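Working notes for the structure below.
The values are calculated or read from the model by the stated rules, or taken from the named source; none is laboratory data. Bear in mind the structure is a predicted one, so any value in this text is a computation, not a measurement. Quick reminder, even Gly has a Cβ in these numbers, built from the backbone with ideal geometry, and neighbours come from all protein chains shown.
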Amino acid sequence: MRNNMTENTEKKQKVVTRFAPSPTGFMHVGNVRTALYAWLLARKYNGTFILRIEDTDKKREVEGSLEHILKSLKWLGIEWDEGPDIGGPNAPYIQSQRLDIYKKYANNLIEKGLAYADDTTEEELDVFRKKAEEDKIAFLFRDHRPENPPTWDGSQSLRFKVPKLKRYTWTDAVWGELSAGPEALDDFILIKSDGYPTYNFAHIIDDILMGVTHVMRGQEFIASTPKYLSVYEALGMTPPIYATTPPIMGEGGNKKLGKRDGAKDVLEYVKEGYLPETMMNFLALLGWNPGGEKEVFTKDDLISLFSLEKMQRSGAQFGDDKLDWLNKEHMKMMSEDVRNAEIHKWLLKNPEISKFEKLNDEKLMPKIYPIIFDHISKWSDIDTMVGAGELSYYFQSPQLDKEKLVWKDGNITDTVKHLKWVIDTLQNAPENNFSSPDAIKSLIFDYATENGRGQVLWPTRFALSGKEKSPDPFTLIYILGKEESTARLANAVKTLS
Ligand code: GLU
């Protein structure tokens, strides 16, 4: 029942959501998930999604953050209808460019007697705080509200004068009814002495002016919600619907995933070769689930299925294994051509492999792509395969270790005999026997069974790959072709002789 009201509102009114990051560093999964939920809700109801940059805390600003935010959202496929780079009816979308607007509303509150200049010094504030501590009561500035505040000239901070000390009750789309008493209300700062508004004030003004209907943000904002509601009331405006997102927990489930806990920059996932579709799917499921067993969703599925009703309250757990599994599922949905092209691109980026001319061999490569695809769950696993020596033997003849060519209890004479038999058999086999690993198997398998599979198949495989672990010899012969395979087998005979 908890969300009937909020869902109905979504349907009646044009939904307007926003993502309002502060440019204080890279975007991690928590930020991006908030953006994703706000975007999904807007898209589901053909509403508007706004990107707004909240840069009013100049001390915390980190250079390059804005570009990083735009790049991360674009990679994921979260596109905005209004924002700093494209403008829109409520421009500008960077708060530091909207200072006059906040000032106007601040003056409006002053006129109503609901804001006052505060020239309390840091030292005086400290004294107030210490006193509250000694008295074991919460520090509230309103207990020290000056009787005759100076006229606000912009050089002092401007504080809100809480109009009514009362209990506020509101409906959170995820949490249902929430409420807090006067202890949650205070004369907080609207505009700082540096001329910039606080988050507490600026976001309210912007959400009002931009027509935001639904605000999604983390649990840390619940405690301040009564303050926001008292400002809406003072301005005579209706607050938006709040939808509180659950925390994201690290693997193991008991620690909140935060920037400091090593929550990764979302662009790191690009470097590791995850698909944006996977990230979107994965992040959507961190705190929301449409119900049922299905876990693989496309962008369109997510848009049509998303609802506030199915958002969870409890922490969602971030798991790398799940991410890898999901990525593989999305890779399977790619067309083979696109997938192969992507594998090729990653091989070209790898210095150990890109040097091989055979990388452009149009007969060889289509046979290698499926093998690679079988062994990876993200593109960077290709580099891991290369690092483990699992790919170079497709492109160059391996160095052979004489000892290792002979199967456990075998001997050189028999091994040479078997290798020569395989060479002869391959050389005399018609072309159509090379059309699949199975066709090649049918040439060799009976002989191997009669003479000991290890005795025949081990040296054959080792001669072709030079590795103790590699695909079976039939697959290797199929990939390398008759000529290259027989040459490598002959090389093994030479090594043993
Ligand atoms: N600028 C705030 C932050 O980055 C946004 C909070 C909100 O969405 O209202 O935490």
Scanning for something surrounded by 17 or more Cβ atoms within 10 Å (Cβ to Cβ) and either assigned to a helix (DSSP H, G or I) or acidic (Asp, Glu) (or both), does region 142-149 turn up at least one residue? no
For Leu286, all conditions in the list (1) free of Cβ contacts under 8 Å to residues at least 24 places away in the same chain; (2) closer than 28 Å to Glu67 by Cα; (3) hydrophobic (A, V, I, L, M, F, W, C) hold save one; what is the number of the exception? (1)
Among (1) closer than 26 Å to Ile376 by Cβ; (2) of a type in the set (Gly, Ala, Ser); (3) modelled with pLDDT under 95 - the single one Gly258 does not satisfy: (1)
Among residues of region 187-213, those that are hydroxyl-bearing (Ser, Thr, Tyr), more than 9 Å from the ligand (Cβ to nearest atom) and in contact (Cβ under 8 Å) with a residue 40 or more places away in the chain, counted: 3
Ala138 assigned to a loop (DSSP other than H, G, I, E, B), at pLDDT below 95 and not basic (Lys, Arg): yes
Which ones in region 49-77 are within 23 Å of the chain's Cα centre (by Cα) and in contact (Cβ under 8 Å) with a residue 60 or more places away in the chain? Ile50, Arg52, Glu54, His68, Lys71, Ser72, Trp75, Leu76, Gly77
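Yes/no matrix, rows are residues, columns are (1) within 16 Å of the ligand (Cβ to nearest atom); (2) closer than 25 Å to Gly287 by Cβ; (3) not aromatic (Phe, Trp, Tyr):
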residue: Leu140; (1), (2), (3): no, no, yes
residue: Val162; (1), (2), (3): no, no, yes
residue: Ser179; (1), (2), (3): no, yes, yes
residue: Glu183; (1), (2), (3): no, no, yes
residue: Pro239; (1), (2), (3): yes, yes, yes
residue: Ala243; (1), (2), (3): yes, yes, yes
Among the residues of region 12-21, which ones are in a loop (DSSP other than H, G, I, E, B) and either within 12 Å of the ligand (Cβ to nearest atom) or out of contact with any Leu (no Cβ under 8 Å at 6 or more places or on another chain) (or both)? Gln13, Lys14, Ala20, Pro21
(1) assigned to a helix (DSSP H, G or I); (2) under 23 Å from Met279 (Cβ atoms): which one isn't true of Leu348, the others all being true? (2)
Residues located in region 370-423, provided they are in contact (Cβ under 8 Å) with a residue 60 or more places away in the chain, under 12 Å from Asn350 (Cβ atoms) and either among the aromatic types (Phe, Trp, Tyr) or in a helix (DSSP H, G or I) (or both): Trp379, Asp381, Ile382
From the set of residues in region 300-329 that are at pLDDT 95 or above, under 11 Å from Phe282 (Cα atoms) and not aliphatic (A, V, I, L, M), which is farthest from the chain's Cα centre (by Cα)? Trp325
Of the criteria (1) surrounded by 17 or more Cβ atoms within 10 Å (Cβ to Cβ); (2) closer than 22 Å to Pro437 by Cβ, which one Lys378 fails: (2)
Taking first residues from region 19-31 that are of a type in the set (Phe, Trp, Tyr) and second residues anywhere that are assigned to a strand (DSSP E or B) and more than 9 Å from the ligand (Cβ to nearest atom), the pairs with Cβ under 7 Å that are 6 or more apart or on different chains are Phe19/Leu51; Phe26/Asp265
Subset of region 107-122 that is among the charged types (D, E, K, R) and modelled with pLDDT of 95 or more - its residue that is nearest to Glu183 (Cα to Cα): Asp118
Flagged in region 22-59 as among the basic types (Lys, Arg), within 15 Å of the ligand (Cβ to nearest atom) and either modelled with pLDDT under 95 or under 22 Å from Ala316 (Cβ atoms) (or both), in numbering order, are Arg33, Lys58, Lys59
Every residue from region 424-441 that is assigned to a helix (DSSP H, G or I) and in contact with a Phe, Trp or Tyr (Cβ under 9 Å, 6 or more places away or on another chain): Thr425, Leu426, Phe434, Pro437, Asp438, Ala439, Ile440, Lys441
Among the residues in region 357-374, are any of a type in the set (Val, Ile, Thr), touching a Gly at 6+ places or on another chain (Cβ under 9 Å) and surrounded by 12 or more Cβ atoms within 10 Å (Cβ to Cβ)? no
Examine region 94-106 for a residue that is within 16 Å of the ligand (Cβ to nearest atom), part of a loop (DSSP other than H, G, I, E, B) and modelled with pLDDT of 95 or more, and state whether such a residue exists. yes
